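Visitor: Here's a structure for you.
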Amino acid sequence: MVQKTYYKTKDYCKVKFVTNFDNAETIEILGLNSDWNNSVSMSKKKDGSFTCDINLTKDSQHEFKYLVNDNIWLAAFSFFVS
């Protein structure tokens, strides 16, 4: 799930990523802001889900993939921050 929170007085949007994959110990996000070299680590919650919050510039498009346990790539996703 990707949830966006917009601020009227800011030029960015807070984007919250929430996901859950069976047997995952770590999950990272790659590709945000077209950066496929530097990952964003997600935090594991008690219920087994993973979350992270990132501020992204308004009027930008993003494609990303999840990297699970440092070796499993999951499908690419795309979204627009308006």
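Visitor: Using +1 at the C-beta of Lys and Arg and -1 at the C-beta of Asp and Glu, which of Leu32, Ile54, Tyr7 has the Cα lying farthest in the positive direction of the dipole of the chain?
Guide: The Cα lying farthest towards the positive end belongs to Tyr7.
Visitor: What is the chain's relative contact order, in percent, from Cα pairs under 8 angstrom and six or more apart in sequence?
Guide: 29
Visitor: So, with +1 on the Cβ of K and R and -1 on the Cβ of D and E, and no other charges, what is the size of the charge dipole of the stretch 2-81 about its Cα centre, to the nearest 20 debye?
Guide: Here the stretch 2-81 has a charge dipole of around 440 debye.
Visitor: Roughly speaking, what is the stretch gain from Lys46 to Ser78, that is 0.36 nm per residue apart minus the C-alpha to C-alpha distance, in nm to one decimal?
Guide: 8.8 nm
Bear in mind that the values in this text are calculations on the coordinates, not laboratory data. Source: prediction; values computed, not measured. FYI the Cβ positions are ideal-geometry reconstructions off the backbone, even for glycines, and counts take in every protein chain you see.
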